[in-house]
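The values are calculated or read from the model by the stated rules, or taken from the named source; none is laboratory data. All of these numbers come straight from a predicted model, not from anything done at the bench. Heads up, the Cβs are rebuilt from the backbone with ideal geometry, glycines too, and the neighbour counts pull from every protein chain shown.
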Amino acid sequence: MLHQQDRCRLPLAVALAVAAGGTSAQQLEEVVVTASKRAENLQDVPQAITAFSQERLREQGIVETSDLMGSVPNIQVTSAYGRTQPNFSIRGISVANEFSAATASPVGVYVDEVYQSFRASHGQQLYDLEGLEVLRGPQGTLYGRNTTGGAVNVNTVKPSLEEGLTGFINARVGNYSTTDFTGAIEATVIPDILGFRLAGSVSNADGYVDNTLAGTNHPEISSEAARLSMLWRPTDRTEIHAKVYWAENDPRQDIAFGAGYLEGGTNGAGVPLIASPDATRLESDTAGTYFTSSEGVSLTIKQEINDAWSFTGIFGYDEAEYRLSPFECDGSALDVCAIRYFSESESYNIDLRVDYTGEKLRFIGGVYTGEDEIFTANEPDFFGFLQPLLTDAGLPGEYFNPAIAVGNSIGTLPLFAVQPGLDPTDPANCAPVNVNPNGFFDARSLIAFNTDVALTNSAGSTAVQGACAQAGAPPFANIDVSQEFTLARPSSAVYGELVYDVTDAFSLTLGLRYTWDDVEYKDAVSVVNNLAGVPVAALVPYIYDPESVAAGAPGHQQHSSAESG
């Protein structure tokens, strides 16, 4: 499986497959690509393309998506959320480390010409490949949506229809108990007419960072995938390729390393952050697992109408789910930052086109329609360690003063923050100043805490906090938020490209694509909870009444993604 290479994992490859044939060192290999939606010699395609055949992928040792960075110019492959979600950057254009799985990548990923909209599953079909192509730069006419940076074309191996039963298995083993198995078996039912191919991949590895507090290691590798393909050629001019696939990934996450920015290497809670100098051990209160699953079907029909004209129909349907529960984002022994992510996607794509190839003229024209719908439920939880402290101090479950320090949430500031130059240790200067009648957060205690830290570079000083407590400033509480929304992105297009060969060395290309795109943001719910976990305030104004949400009003989808760390 192609995926991001973990930075400390050093696989020792043991191949059980044998590659037959080869080319002479003096012979220039002809590389056939499908970047222009037809099979052409790479030298004849006027685009910036790097192509890898099955043999070249094996010879260059490209077994991870990150390996492309050493073989393809202008590309970077990173991943903040596990191997199945590689973020491609081509010529500096990427989604970066966007948190939401609902955000579409500006680098289009296509598997057997079916567009893959859900970023979290981009790495789940990358095994038993016939070839891989990286197209650099905008791919407007023939690809359309979400290819501003370029496109990555993945072509899986199809049944060869050769008589007999064939297959292979590749095994890789390495340190950290790394094992990686990829294999396939192929059966031809009717030679040259009907055949099936079953391929699969299983990968596992322990992590190289020990969480001594929880007794776990991170990040793990744990993935399984399988694909069944059928190729049917009922006539010499007709080819039908059908595919069904399934994949699942559920390793422990990459774990964060916190930096103690205060005196003594402590964090804002006064707790020292314990990590080894070689970044192989730390103490973290929790860390969850990445769970990604995807399944889908595709159908490709190719029909040669005559020697010049042909028709291609591509149909794809995919479902996927992504869950990270929780994402440990502070790397300390306290529950300072934990976020639970959940997204599920459903998409379909239909591309119908005709292809004309004459002596000097070539033409491709077609129509496309597709839609992806992604439901997302996120649960940010910041400063969770405050919740039991406040409860033990006797505050009721209805207490509500979460430290959301943004403009529309802050209602009250201390006087010394409004009138600079006042002594913050004087309780009179922590008098409440209402700066936003619609705000819900009394920020005096938080500002007092930040002021103490700034004055002493330590979390142990309480001079300003004590003054504000005397002035009646309530303590700030943890941030417990529930967010839900659905994105629906229907898209339709008509396109055409005309190529005319003026001479053997010079051709003219004219292309046009007209696209109808919609983005629907619906069923948005974003609430802040009190100490008891009951919604109190809405962060998306005018959407709904928080009291109706707390009562379980219709339209609010209850979803729990919590798991044990």
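Figures for the structure shown
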| item | result |
| --- | --- |
| From ALA477, ALA467, residue being buried (at least 17 other Cβ atoms within 10 Å of the Cβ), closer than 27 Å to SER100 by Cβ and of a type in the set (A, V, I, L, M, F, W, C) | ALA477 |
| Checklist (1) closer than 25 Å to GLY268 by Cβ; (2) of a type in the set (Asp, Glu); (3) in a loop (DSSP other than H, G, I, E, B) applied to ASP504, failing item | (1) |
| Any chance ASN217 is polar (S, T, N, Q) and within 23 Å of the chain's Cα centre (by Cα) | yes |
| Set LEU68, LEU57: member being closer than 20 Å to SER105 by Cβ and in a helix (DSSP H, G or I) | LEU68 |
| Where LEU161 falls short, out of the listed (1) surrounded by fewer than 21 Cβ atoms within 10 Å (Cβ to Cβ); (2) in a strand (DSSP E or B) | (2) |
| VAL114 crowded, with 20+ Cβ neighbours inside 10 Å, closer than 27 Å to ILE364 by Cβ and either in contact with a helix residue (DSSP H, G or I) (Cβ under 9 Å, 6 or more places away or on another chain) or assigned by TED's automatic domain parsing to the domain that holds ARG83 (or both) | yes |
| Those residues of the stretch 364-389 which are more than 22 Å from THR103 (Cβ to Cβ) and modelled with pLDDT under 95, in sequence order | PHE383, GLY384, PHE385, LEU386, GLN387, PRO388, LEU389 |
| Hey, ALA259 out of contact with any Leu (no Cβ under 9 Å at 6 or more places or on another chain) and in a loop (DSSP other than H, G, I, E, B) or not | no |
| Test: SER53 is farther than 30 Å from PHE363 by Cα and of a type in the set (Ser, Thr, Tyr) | no |
| In the stretch 326-353, the residues that are in a strand (DSSP E or B) and farther than 27 Å from ASP518 by Cβ | PRO326, PHE327, GLU328, CYS337, ALA338, ILE339, ARG340 |
| Any hit, the stretch 203-214, residues being surrounded by fewer than 18 Cβ atoms within 10 Å (Cβ to Cβ) and under 30 Å from PRO159 (Cβ atoms) | yes |
| Any hit, the stretch 52-63, residues being among the basic types (Lys, Arg), farther than 26 Å from ASP318 by Cα and at pLDDT 85 or above | yes |
| Residue match in the stretch 94-102 (condition: under 26 Å from TYR317 (Cα atoms) and modelled with pLDDT of 85 or more) | yes |
| All helices (runs of 4 or more DSSP H) inside the stretch 406-479 with 1 or more residues being over 43 Å from the mean Cα position of the chain (by Cα) and within 30 Å of VAL527 (Cβ to Cβ) | 463-470 |
| Filter result for the condition that a residue is at positive phi and at pLDDT 90 or above, over ASP192, ASP206 | ASP192 |
| Selected residue (only one of GLY466, GLY421, GLY472 is within 22 Å of GLU398 (Cα to Cα) and free of Cβ contacts under 8 Å to residues at least 60 places away in the same chain) | GLY472 |
| Residue match in the stretch 378-392 (condition: more than 22 Å from HIS241 (Cβ to Cβ), within 20 Å of the chain's Cα centre (by Cα), surrounded by 15 or more Cβ atoms within 10 Å (Cβ to Cβ) and of a type outside the set (Asp, Glu)) | yes |
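The rows are residues; the columns are (1) hydroxyl-bearing (Ser, Thr, Tyr); (2) buried (at least 18 other Cβ atoms within 10 Å of the Cβ); (3) in the same structural domain as GLN85 (by TED's automatic domain parsing); (4) part of a strand (DSSP E or B).
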position	(1), (2), (3), (4)
THR286	yes, yes, no, no
SER298	yes, yes, no, yes
ASP307	no, no, no, no
PHE311	no, no, no, yes
GLU321	no, yes, no, yes
LEU324	no, yes, no, yes
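Every residue, every condition in (1) within 30 Å of SER117 (Cβ to Cβ); (2) of a type in the set (Lys, Arg); (3) at pLDDT 85 or above, yes or no:
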{"residue": "ARG237", "(1), (2), (3)": "no, yes, yes"}
{"residue": "ILE240", "(1), (2), (3)": "yes, no, yes"}
{"residue": "ALA247", "(1), (2), (3)": "yes, no, yes"}
{"residue": "GLY258", "(1), (2), (3)": "no, no, no"}
{"residue": "GLY268", "(1), (2), (3)": "no, no, no"}
{"residue": "PRO272", "(1), (2), (3)": "no, no, no"}
{"residue": "ALA275", "(1), (2), (3)": "no, no, no"}
{"residue": "SER284", "(1), (2), (3)": "no, no, yes"}
{"residue": "GLU295", "(1), (2), (3)": "yes, no, yes"}
